[in-house]
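Presented below is the structure to which this report refers.
Nothing in this text is a laboratory measurement; each read-out follows from the coordinates by a stated rule. None of the values given here were measured: they were computed from a predicted structure. Glycine also receives a Cβ, built like all others from the backbone with ideal geometry; neighbour counts cover every protein chain displayed.
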């Protein structure tokens, strides 16, 4: 995969690519923790450099929900979006709603040649919906600013990224 993208195969590159594949939607600090846990000492700068190279070559996708840290995923090159839980910060992939790429057709493109759209849906994940359901069967939703969601090392160790 790295060679096909024109990149040399190095220990930091394989370690970071493996971490991103195994922990979709992880932030940089979480990726660094996984890489160090699984592969030993790798510098912060090496991980940042590798993430940049992988993103530039289309092997990894970087996205940043409002109010959150940048996230990385190996699902790149397709037209999918994300849904973010306002309460716990959980993130899931959401395929495009209808047609080949309807969100790429802007009402007014202002002369731009649009080739990508970033759509992020916000709401409550199923677990938070269950936790917030009131005794009368109605959902109590408190609108809050976008969370500064961040995975902890414990969540990654449990595989909940």
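Solvent-free Debye calculation, one equal scatterer per alpha-carbon of the stretch 1-75: log10 I(q)/I(0) at 0.14, 0.20, 0.27 Å⁻¹ equals -0.37, -0.77, -1.37.
Using 0.36 nm per residue of separation minus the Cα-Cα distance, give me the extension gain between residue 62 and residue 75 in nm, one decimal.
Details: separation 13, 0.36 × 13 = 4.68 nm, distance 0.99 nm.
Full extension of this stretch gives 3.7 nm more.
Take peptides 6-12, 124-130, 86-92, 112-118 and line them up by average Cβ neighbours within 10 Å, highest first, as a rough protection proxy.
On the way: 6-12: 12.0, 124-130: 14.7, 86-92: 18.7, 112-118: 9.4.
The packing order, highest mean first, is 86-92, 124-130, 6-12, 112-118.
The modelled label-to-label distance for the pair residue 11/residue 55, using points 7 Å beyond Cα in the direction of Cβ, is 2.6 nm.
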